[in-house]
1. Quick check on packing: order 273-282, 236-245 by the mean number of other C-beta atoms within 10 Å, highest mean leading.
2. Using the Cα centre of the chain as the reference point, and only Cβ charges (+1 on K/R, -1 on D/E), how large is the resulting charge dipole? Debye, rounded to the nearest 20.
3. Could you pull out every one of the lysines with an alpha carbon less than 23 Å from that of Lys231, ignoring same-chain neighbours closer than 8 positions?
4. Need one number: nm distance between label points at Asp252 and Gln273, each 7 Å from Cα along Cα→Cβ, rounded to one decimal.
5. Could you work out how far apart the two model spin labels at Lys232 and Ser305 are, taking each label as a point 7 Å from the Cα in the direction of the beta carbon, and quote it in nm?
6. For helix 280-298, what angle does its Cα long axis make with the longest principal axis of the chain, in degrees from 0 to 90 and rounded to 10?
7. Express the C-alpha Rg of the chain as a ratio against the empirical globular expectation 2.2 N^0.38 Å, rounded to two decimals.
8. What whole-number distance in Å separates the alpha-carbon centres of the range 241-299 and the range 117-166?
Amino acid sequence: MSVLDDVLRDSLPCRTVREDKLRGRLNHSYLVLTEDDAVRAKLCKMIAKAALCPQGGCGKCGVCEKIDDGAYVALTVEEGEKLTVEDVERLVGDTFFTGFDGDVKAYVVTNMQGMNERAQNKFLKTLEEPVSDIVFVLGAPSPQAVLGTIASRCKKLAFEGFSREQLSDILQEETPWGAARDGLDRDEVIDRAAACAFGSYSRAKMLVSDGDFARLFALVADILLKLTDSKKLDEQLARLSPYKNDVSAVLDMTETVLELLLDGGEAFGAIKQLRSTFDTASVVNSLGLVAAAKRKIERNCNAQSALDSLFLGILEVKYLCRR
């Protein structure tokens, strides 16, 4: 199994279903909640394994292997972006054919948000009149993505996201390039992506392969580090000239770097250096200045002026808060 699979198998949603199975109390329907589409699809399948596998989702037995191959007769996976009334009618009709040597039969619908209200109402009737030996594993970004009458009939399994350490381990396994790229150390690129993903696997995967993100992060962090003298302010801001038409990206990145200074996780590279030049008060005040700069941009104020004022303000609060 991959590191990602191991982490998901040990997650609270999977542990909950294994415990339900062990106690003979499998719920008729589970609602898996996470905004990360890629994780939701994998986690729903993991939960199906936990419900069907004699060992609660070992990942090695014939049942788990067949689930991975999509060949296990007691599992129906619906992964389309949209599920029509006809799709639901077909699924509901199939639930009446449950005789598979006494096995529990699982149905996995990873994108409940892809069902319109009419289709969900059709599906609701099956949940209201459950067939024995059937487990529904339903996935959605949030409870609000499904009808309240459906959510109320499911045991909710919320996945809260990954820790920085977990994301870093996953990226170490899944990131194929060599030891360095764009002059940056591979481990630092991975640590940076894991830290800036704030628990999201899909965002971490995107960031680790985004060269523009890596370059802008390094640039903003270095400017904040060297922001020590108003006489050198123009020189530092000139380094942002490639982004003069995308000031919003600079503001977002500045906010991200500052938020990492408040994060309790282990510091890496530029963040470790920056923590020695910013205290908590200066970070909090600087984040307030970023928010103010964003409001100026929204009101169509001059972008360059907003950027100049922001970094001058950050320079001032660094000085005032460290006096």
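Read-outs: derived from the displayed coordinates by stated rules, not from any lab. None of the values given here were measured: they were computed from a predicted structure. As a convention, Cβ positions derive from the backbone with ideal geometry for all residues, glycine included, and neighbour counts pool all protein chains shown.
1. Details: 273-282: 15.4, 236-245: 13.4.
Per-residue mean Cβ counts within 10 Å order the peptides as 273-282, 236-245.
2. Numbers: 42 positive and 50 negative charges, 167 e Å.
Value, rounded to 20: 800 debye.
3. The qualifying lysines are Lys244, Lys318.
4. Using points 7 Å along Cα→Cβ, the separation is 2.5 nm.
5. 2.9
6. Computed tilt is about 80 degrees.
7. On the way: Rg = 24.7 Å, N = 323, 2.2 N^0.38 = 19.8 Å.
After normalising by residue count via 2.2 N^0.38 Å, the value is 1.25.
8. Taking the Cα centre of each part, the range 241-299 and the range 117-166 sit 38 Å apart.
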